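Q: Right, I'll just put the structure down here and ask away after.
The values are calculated or read from the model by the stated rules, or taken from the named source; none is laboratory data. This is a predicted model, so every value here is computed, not measured. Virtual Cβ from ideal backbone geometry, glycine too; neighbours counted across all protein chains shown.
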Amino acid sequence: MARYTVVTMPGDGIGGVVLDEALRVLEAVGFDAEYVHGDIGWEYWKSEGNALPDRTVELLTQHRLGLFGAITSKPKAEAAAELDPALRERGFTYYSPIVTMRQLFNLDVCIRPCRSFEGNPLNFIRRTPDGGFEEPLVDAVIFRQNTEGMYAGIEWTNPPEPVVSALATHPKWKKFASTPREDLAISTRVFTRQACRRILRAGFEYARKHGYRSVTVCEKPNVLRETSGMMEEEAKKVREAYPEIELWSTNIDAQRMWLTKNPEAYGVNVAGNLFGDIVSDAFAGLVGGLGFAASGNIGDEVAVFEPTHGSAPKYAELDPPIINPIAMILAAAMMLDHVGELEAAAGIRDAVAAVVKEGRVRVYDMMKLPGGPEVIAKGAATTREMTDAIIARLGVAATA
C-alpha cells in the first residue's frame, strides 16, 4: 500500500492542467502516494446544486490530505441563472467550495509564502539613489485567518426583522434606519479570540522555527476598532512567549504602500481573512504574480493545498496548455512539508529555483507576453515543458 493517500480535486478551468503537472513532479521526486479523485467545482453546482458534493467531503474526512486546482465562482444572480432548471426554486444557494471546505473542516490557518526566485524577470525592482536599480530579496510568509471575518458568509440582502432590530441597538444604525429593508445588503465581520490566538501562535511558531525576526499584524484597528482591535490585543499577549521576535503593526492600506518601498523588511505577516487575502496577493505581485503563489489550508485533522490563482477559463482549452504550473508545484511542495517529507519538498523548490535562475525555459507570463496560442511561436514554453525542465533539475539534484 502507498504510504499516503491524497484527495485530488482538479476543479474548473486550468485547475486540472496544473494539478496533473504537480502530480508528475511528485512522482519524479518519489512521493509514495495513492491519488483519489474528488469532484468539486462549477459543473457540480450546475448539475447538482452543490459545488462541494458530499462524496468529496467524505473523501477528505477519510484521507485528511488534499491537493486542489482552481474553481470558477460567479456572483449570486449568474450562479442562479446557470443552475439546472430542474433544480431552481428548490432553495439551492451557491457558496464557494473552497470557502465551504475551509469552514467545514476548520482549516483556519492559511499559510501563503511569497518568496522571490533569483532570475525571475517578474521580480520587484526599485531605483537606487545613484540612478541604478536593485532587486531586493522578498521572503514574506502570510498567515491568514481562514474561517472568520468578512468571508464567514454571514450576510443578507433584505435582512430579516431580528437582524434589523439587533442592529438598531447600535447608535450608528440611525443613518440606515429609514432605508427600506429590500434596499439593504449587510455583511458581518466576526472575529473570535480563540481563532485570533491560533493564527497568531502559528505565525510566531513559524517565525521562530525559520529564523524570522519579526511578525507583523496587518489590520486596521484605528477604524475597525473591535475586530482588528481584538487581533492587535491578542498579538501582544501571544508575543510574550516569543521575546526574541519583534511584533510590528501596520494598517492594511499603509502596508500596501510599504510593500513597494521596502518589501524585504517584512517576514511573517498575520491578518484576518479579507486583509490576509489582499496582502498575500500584494506580496505575490512582487515575486512574479499568482503563477508563483501557493497556499496551504490547515486544520487540526485535514489539510488542503492549492495555488492561489483562479481557474482562468479562457486558457483551459488551449492545446498545448501555456499556463504557469509553478504555483501548483509549490503547493505540492507545501504538502510534502506538512507530512514531513522535508527533503523532497526542498528538492522541488531547489529545482524550481534552478530553472527560473537559468532562464532557458520560461512560460508566457515570465516573458511578459499576453496569453494566447501565439506565445509559443514567440519562444514561450508550454506548461508541460516547464514541468519537464523542473523534473530534469530534480534528476540533476538526485545525482549531484
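Q: For the range 127-140, what are the residues that are among the charged types (D, E, K, R) and under 26 Å from the mean Cα position of the chain (by Cα)?
A: Glu135, Asp139
Q: Moving on. Taking the stated definitions as given, is Phe292 touching a helix residue (DSSP H, G or I) at 6+ places or on another chain (Cβ under 9 Å), outside the structural domain of Phe31 (by TED's automatic domain parsing) and modelled with pLDDT of 95 or more?
A: Taking the combined requirement at face value, the residue satisfies it.
Q: Ok, one more. Give Leu60, Leu83, Leu87 a once-over and let me know the one that is surrounded by 15 or more Cβ atoms within 10 Å (Cβ to Cβ), closer than 30 Å to Arg349 by Cβ, among the hydrophobic types (A, V, I, L, M, F, W, C) and touching a helix residue (DSSP H, G or I) at 6+ places or on another chain (Cβ under 9 Å).
A: Criteria check complete, one pass: Leu60.
Q: Checking the structure you have, find out if any residue of the range 81-92 is at positive phi, outside the structural domain of Pro180 (by TED's automatic domain parsing) and not charged (D, E, K, R).
A: yes
Q: For the range 357-391, give me each residue that is β-branched (Val, Ile, Thr) and touching an Asp or Glu at 6+ places or on another chain (Cβ under 7 Å).
A: Of everything in the range 357-391, those that are β-branched (Val, Ile, Thr) and touching an Asp or Glu at 6+ places or on another chain (Cβ under 7 Å) turn out to be Val361, Thr383, Thr387.
Q: Is the range 156-174 home to any residue that is under 26 Å from Phe305 (Cα atoms), assigned to a loop (DSSP other than H, G, I, E, B) and not aliphatic (A, V, I, L, M)?
A: No, the range 156-174 contains no residue that is under 26 Å from Phe305 (Cα atoms), assigned to a loop (DSSP other than H, G, I, E, B) and not aliphatic (A, V, I, L, M).
Q: Somewhere in the range 327-339, is a residue part of a loop (DSSP other than H, G, I, E, B), touching a Leu at 6+ places or on another chain (Cβ under 9 Å), more than 15 Å from Thr383 (Cα to Cα) and assigned by TED's automatic domain parsing to the domain that holds Gln62?
A: yes
Q: Specify the residue that is farthest from Ala28 (Cα to Cα); the eligible residues are those in the range 372-388 that are part of a helix (DSSP H, G or I) and out of contact with any helix residue (DSSP H, G or I) (no Cβ under 8 Å at 6 or more places or on another chain).
A: Applying the filter and picking the extreme gives Glu374.
Q: For the list (1) over 22 Å from Leu60 (Cα atoms); (2) at pLDDT below 95; (3) within 14 Å of the chain's Cα centre (by Cα), I need the number of the one condition that Ser96 fails.
A: Here Ser96 clears every test but (1).
Q: Answer yes or no: is there a residue in the range 169-191 that is within 16 Å of Gly276 (Cβ to Cβ) and among the basic types (Lys, Arg).
A: Yes, that holds for at least one residue.
Q: Looking only at residues in the range 160-183 that are more than 30 Å from Glu234 (Cβ to Cβ) and touching a helix residue (DSSP H, G or I) at 6+ places or on another chain (Cβ under 7 Å), which one is surrounded by the fewest Cβ atoms within 10 Å (Cβ to Cβ)?
A: Looking at residues that are more than 30 Å from Glu234 (Cβ to Cβ) and touching a helix residue (DSSP H, G or I) at 6+ places or on another chain (Cβ under 7 Å), I get Arg181.
Q: Go through the range 276-289 residue by residue and tally those that are touching a strand residue (DSSP E or B) at 6+ places or on another chain (Cβ under 6 Å) and either part of a helix (DSSP H, G or I) or modelled with pLDDT under 95 (or both).
A: The total comes to 5.
Q: So, in the range 296-316, of the ones that are part of a loop (DSSP other than H, G, I, E, B) and under 11 Å from the mean Cα position of the chain (by Cα), which residue ends up surrounded by the most Cβ atoms within 10 Å (Cβ to Cβ)?
A: Per the stated criteria, the residue is His309.
Q: Pick from the range 345-400 the residues that are surrounded by 14 or more Cβ atoms within 10 Å (Cβ to Cβ) and of a type in the set (Lys, Arg): which of them is farthest from Pro325 (Cα to Cα)?
A: Arg393
Q: Test Leu369 against the criterion of being part of a helix (DSSP H, G or I) and out of contact with any Ser or Thr (no Cβ under 7 Å at 6 or more places or on another chain), and give yes or no.
A: The answer is no for Leu369.
Q: While we're on this one: Which residue out of Ile348, Ile326, Ile298, Ile322 is in contact with a helix residue (DSSP H, G or I) (Cβ under 8 Å, 6 or more places away or on another chain) and under 21 Å from Pro263 (Cβ atoms)?
A: Unique residue meeting the criteria: Ile326.
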